[in-house]
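For reference, the structure discussed in these notes is given below.
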Amino acid sequence: MTIDFSMGGDYILATSIEPLFYKTPNCSFITPSVIKGEQWATMNSKYTWFTRGIWPPCADGSDINFVDRSNSKKFLATADDFSKVKVFRYPVCNNRQLYNEYKGHSSHVTSIKWSFDDKLVFSTGGV
C-alpha cells in the first residue's frame, strides 16, 4: 500500500492493487476525472498513468516492489524482483522508455528512496 498527496494537500492517492482517489480532509472517495491534471507532491504509486511504462514484458503486476519519484520530479526509480534498481525519466508513460539499470542486491529489491538532493538512491533488499 502506498499513499501520495497532491501538491495542495487536497487529494490523496492510495494504491494497493489499483489507484483510489480521496478528497481531504473527510477522505471522501472521488473519481479520477475529478482530479485530472492534478500535480502530486509525492509519487510512490506503481499503478498510475504516470508509471505505466515501468513494467517489463510479461510482468504479472507483482514484479515491481516499490517506486519513488525524485524530489525534482524529473526521475522515477523502481525496485524490482530481479535484483534491479532502474531509473527512468518521469513520467514513464511509454512502454519502451529508456532507463538506467543497476544491480546491487543478490535477491529482490524491496524498497527505494531518493536522497533529499536527488544525488543518491537508497535501496533495501530481501532474502
Exercise. Just one of (i) 8.1; (ii) 7.1; (iii) 9.2 is mean projected area of the Cα convex hull in nm² as worked out from the coordinates here. Which one is it?
Worked result: (i)
Problem set entry | Estimated translational D of segment 1-47 in µm²/s (Stokes, Kirkwood radius over Cα pairs; 20 °C; 1.002 mPa s) | 204
Exercise. Of K46/K119; K23/K84; K23/K103; K23/K119, which ones are farther than 31 Å apart at the Cα?
Worked result: K23/K84; K23/K103; K23/K119
For this session: Just add up the charged neighbours of M7: K/R +1, D/E -1, any other residue whose Cβ is under 11 Å from the Cβ of M7.
Result: -2
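FYI, it's all coordinate maths here, none of it is from the lab. Note that the coordinates shown come from a computational prediction; the quantities given were computed from them, not determined experimentally. In this analysis, Cβ positions are derived from the backbone assuming ideal geometry, glycine residues included, and neighbour counts consider all displayed protein chains.
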